[in-house]
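Here the structure is laid out as structure tokens; the discussion comes afterwards.
Values in this text are rule-based calculations from the coordinates and carry no lab data. Only a predicted model underlies this, so the values are computations on that prediction, with no experimental measurement involved. FYI the Cβ positions are ideal-geometry reconstructions off the backbone, even for glycines, and counts take in every protein chain you see.
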Amino acid sequence: MYKREKKSWLKHLDFTITDIVCLQLAFIIAYILRLGWHIPYANEPYERLAVILVLIDICVVFFFEPYTGILRRGNFQEANACITFCTIIFAGV
């Protein structure tokens, strides 16, 4: 009669994909600012780091569920969640 709300990390797959794309864009911009106009994926250590960033992001989304209540958060709660999410990813790297 009543359907239970889906409680999984796939519920917010669009946020996860957006996070991964933004994380990769930030990685490319940081690489360009640091080492010049080259493609970071051509350099093997940076290619590995790009893959590790994606895997860490997926693990953080899967284990910590940072998108819980994302559409109902206030400004302070969203800033706090964003800082926490970025700190966990930075610590993972």
Check your understanding: In a shell of Cβ-Cβ distance under 15 Å around residue 59, excluding residue 59 itself, what net charge do Lys and Arg (+1) and Asp and Glu (-1) give?
Key -> -3
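Return a whole-number percent for the relative contact order of the chain, with Cα pairs under 8 Å and 6 or more residues apart as the contact set. Could you put the intermediate results ahead of the total?
Working: 39 pairs, mean separation 26.8, N = 93.
It comes to 29 percent, rounded to a whole number.
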Revision key, fill the gap. Across all Cα atoms of segment 9-92, Rg and the largest Cα-Cα distance (Dmax), in Å, are 14.2, 41
Revision key, fill the gap. Here FRET efficiency (C-beta to C-beta, residue 10 to residue 30, R₀ 25 Å, nearest 0.05) is 0.25
Study note, to complete from the structure: Within segment 50-93, the residues whose backbone N lies under 18 Å from a label point placed 7 Å from the Cα of residue 38 along the Cα-to-Cβ direction are 50-51
